[in-house]
Amino acid sequence: MIRRLMLALAAVVVFVPPVGGQNVPTPREQFGFDVGDHRKLANWEQLTSYYEKIAAASPRVTMESLGPTVSGNPFVMLTITSPANHARLDELLAVQMKLSDPRTISGEAELERLFDLGKTVVMITHGIHATEVGGSQAAARLAYTMASSTDEKVMEILDNVIFLQIPSLNPDGLQWVADWYNEHVGTEFEAAPLPWLYQSYVGHDNNRDWYAFTQNETIMTVGAQNRWHPQIVHDIHQMGATGARIFFPPYIEPWEPNIDPALTAAVSQLGTYMAAELTSQGKAGVVVNAQYDAFTPARAYMHYHGGARILSETASARLATPITVSPDQLGPGRNFDASQRSWNFPDPWKGGDWGLPDIVDYQFSGAMALLSNAAKNRRYWLENFYGINQRAVDQWDEWPDAWVIPAGQGNPTGVKYALRSLVMADVEVHQAQAIFSIDGMSFPAGSYVIPMNQPYAGFANSMLEIQHYPDLREFPGGPPLRPYDVTGHTFGYLFDFEAVAIDGAVGVALSEPIEAPDFDFRLPAHLTGSAAPRVAVYKSWQESMPAGWQRWVFDQHEMKYDTLHDANIRGGDLRNYDVLVLQSQRASSITNGFSVGQLPAEYTGGLGAQGVAAVKAFVENGGRVVAIEESTEFVVDLFGLGVTDATEGLPNTEFYIPGSILRLELDAASEVNEGMGPEISAWYWNSSRAFAVNDSRIRVAARYGSGDPLLSGWVLGGDHVAGEPAILEADIGRGSLVLFGFQPNYRAQTVATWPLLFNAIRE
């Protein structure tokens, strides 16, 4: 039987509703206000209590906990469908599993029976970004409506759809944001930003984790998706306040090339349908084919698993505090103008008051339109889903016959990381039982083989091939059209291993599909034991997302470090440490922090003159500072180094790297490169820099690759960084500095350059 990876669902608790039930409580009865009311936010504790009550009262709803979040909160999913469908849920799941893998279907008669029996499986996810507060509130309104309404449209949905609702993809952040807002509502700090990341590790980047699978919440969501293989996944977000009121697909170009054209068409028709529904209801400001592309798989897991991923983005307010947008604030966006009518923006919003009631109403209406389409077109969604998976099993002409990851590579950590990601994504990976040769290449026994005639081969190909992002300009020779996200994601470069595309039969016995390997985070010897340096990590109240990624990498490796806030450094705590790590953060932010009046006093001020002086004394007296990207400017200014950014001031028509993987050349004499080869791949994006050095105190530990440094993604003007310094070292007084121009732990995904950061952290 074909194996399907089902990620463990920890501590599953299912609330089985009594037959017949009781009256479903309204949100007002639960919270004391209607969800979407101005200046009112229900937190996660209140919401989970409400979902328990809904599940207990309605025979349409069950609730289960998929496990704990990173911070230990329950991560829940509701299953909403008719009582009759609930009674045969195992049978309907079996139908779905068959359709997801055409190899298990015996013939046309069985296929027809599956189409007749099956239901459209829809997953709707809310609130991955906790400051986009409408999603978590709209989730409660949607759950209540589906649990209690007798409207004809709702009944049609219940009969034809299995609705999997994850009411918050970030319960930790929801709890923190709601509690912070509710604490300060009605004060001068109403709607002030949280002075910490709203997810312990990844902040706003938790929706870029859909191929690395680093976070508990991602792992649990992927586990639910692998269990059910939804035909549609709807991810509800918010965006800026001065453009359209809501976005739906079609996405703008480019689409990632391993997405099935039938899925592209399905996404486009469904998004257009949703937009038409809302426009017909008199909701102004609905846009399609704008702003957002579909290139990176980091945000679109289901695009490689047969399902349509529908993104919606609704205009924001100030959390739950209303705003007023004047007409002159509305202007051009990507592929539309918020002040002008166009085919993809037929009814512009004219400006005025905008707040949480509007956000919740637009999001609720969009979700209902999607569910209605899924119900009315049940047969289409099942057939399209099957067809996409069948074409993958038949193997695309553009794909190789297989990918091979040779055994015995020098970086087993990177290989394991890649294998873990592939298997967790339901890709079948086998091991060769003997040596084999093909295309003039020989591969040892134990090499990993990924055949490309399997349902989710598109995911494997997207991750293993090299990305060549198109050169898209506003006009020929003009400024680049900014991708919505990054342009390179090749596993081999991110994780530092080799994968080989082969054509032809492997011609050797293969194992059964492997299980996801345990990932062994091994800390270098110099960072373990009593001789390890005493490490401090600076944590600003304006903490950047890279600081969260760094914390995750350190914690996974069980590295010992202490977190120091501004007051700790001002108070002289640096005297107790050997190394201070400064993640990427603007120099002015490090020094000044939030200004008085922006936040309560304890969260303002930055390092200040006293803290800056403490950092300088720390280095001069024998300490080491490791600074990354933007924080290097703080260090350069502090010690008067003759270092600038070689790309500073260049227009984007001459130099532009939106997020790509570059070749890095390492100096073997530097201790930063200990245990490394002569070259490695490095992540370069908008906060990275190539150094220009005019200071005899500076040693260059690494340079961006000479010639063409691009390995994967998109670079304009690569000659401006080619051969330029990327890592610098300097001795200052009795201490030392290490400056990284690139991000060595980008999104906790760049396994290739983790060793460089660990090597830099030493006395």
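The values are calculated or read from the model by the stated rules, or taken from the named source; none is laboratory data. Predicted, not measured: the structure shown is a model, and the values here were computed from it. Counting neighbours? That spans all protein chains shown, and the Cβs are built from the backbone with ideal geometry, glycine included.
Can you say whether residue 274 is touching a Phe, Trp or Tyr at 6+ places or on another chain (Cβ under 6 Å) and modelled with pLDDT of 95 or more, as far as the supplied structure shows? Here the answer is yes, as residue 274 does meet what is asked.
Just one of (1) touching a residue at least 40 places away in the same chain (Cβ under 8 Å); (2) surrounded by fewer than 14 Cβ atoms within 10 Å (Cβ to Cβ); (3) part of a loop (DSSP other than H, G, I, E, B) fails for residue 637. It is (3). Could you look through segment 187-238, keep only residues that are under 15 Å from residue 130 (Cβ atoms) and aliphatic (A, V, I, L, M), and pick out the one that is surrounded by the fewest Cβ atoms within 10 Å (Cβ to Cβ)? Top of the filtered list is 191. Residues in segment 281-310 that are part of a strand (DSSP E or B) and surrounded by fewer than 23 Cβ atoms within 10 Å (Cβ to Cβ): 293 only. Does segment 111-120 contain any residue that is among the charged types (D, E, K, R), part of a loop (DSSP other than H, G, I, E, B) and at pLDDT 95 or above? Checked segment 111-120: at least one residue is among the charged types (D, E, K, R), part of a loop (DSSP other than H, G, I, E, B) and at pLDDT 95 or above. Within segment 139-161, residues that are without any contact (Cβ under 8 Å) to a residue 24 or more places away in the chain sit with their Cβ atoms under 8 Å from residues that are part of a helix (DSSP H, G or I), at 6+ positions apart or across chains, in these pairs: 154/145; 154/146. Counted as qualifying within segment 395-505 are the strands (runs of 3 or more DSSP E) with 3 or more residues that are crowded, with 18+ Cβ neighbours inside 10 Å, namely 402-405, 448-451.
Residue check: residue 285 meets all listed conditions (1) on the phi > 0 side of the Ramachandran plot; (2) within 26 Å of the chain's Cα centre (by Cα) but one, namely (2). Do we find a residue being out of contact with any Gly (no Cβ under 9 Å at 6 or more places or on another chain), at pLDDT below 95, farther than 16 Å from residue 759 by Cα and in a loop (DSSP other than H, G, I, E, B) anywhere in segment 526-548? Looking for residues that are out of contact with any Gly (no Cβ under 9 Å at 6 or more places or on another chain), at pLDDT below 95, farther than 16 Å from residue 759 by Cα and in a loop (DSSP other than H, G, I, E, B), one finds at least one in segment 526-548, hence yes.
One residue stands out in segment 720-744 among those that are β-branched (Val, Ile, Thr) and outside any loop (DSSP other than H, G, I, E, B): the one that is farthest from residue 701 (Cα to Cα), namely 732. Which residues, taken from segment 316-372, are part of a loop (DSSP other than H, G, I, E, B) and among the hydrophobic types (A, V, I, L, M, F, W, C)? Of everything in segment 316-372, those that are part of a loop (DSSP other than H, G, I, E, B) and among the hydrophobic types (A, V, I, L, M, F, W, C) turn out to be 317, 319, 320, 330, 338, 343, 349. If you go through segment 731-749 and keep only what is farther than 16 Å from residue 544 by Cβ and hydroxyl-bearing (Ser, Thr, Tyr), you end up with just 736.
For segment 436-465, name all the residues that are over 22 Å from residue 297 (Cβ atoms), out of contact with any Pro (no Cβ under 6 Å at 6 or more places or on another chain) and not hydroxyl-bearing (Ser, Thr, Tyr).
Narrowing segment 436-465 to residues over 22 Å from residue 297 (Cβ atoms): 436-447.
Those left that are additionally out of contact with any Pro (no Cβ under 6 Å at 6 or more places or on another chain): 436-442, 444-446.
Hits for segment 436-465 are 436, 438, 439, 440, 441, 444, 445, 446.
Here's the yes/no breakdown for (1) within 27 Å of the chain's Cα centre (by Cα); (2) within 25 Å of residue 232 (Cβ to Cβ); (3) of a type outside the set (Ser, Thr, Tyr):
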residue: 380; (1), (2), (3): no, yes, no
residue: 393; (1), (2), (3): no, yes, yes
residue: 396; (1), (2), (3): no, yes, yes
residue: 402; (1), (2), (3): no, no, yes
residue: 408; (1), (2), (3): no, no, yes
residue: 411; (1), (2), (3): yes, no, yes
residue: 414; (1), (2), (3): yes, no, yes
residue: 421; (1), (2), (3): yes, yes, no
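A single member of 689, 747 is within 30 Å of residue 297 (Cβ to Cβ), touching a residue at least 40 places away in the same chain (Cβ under 8 Å), basic (Lys, Arg) and outside any loop (DSSP other than H, G, I, E, B), and it is 747.
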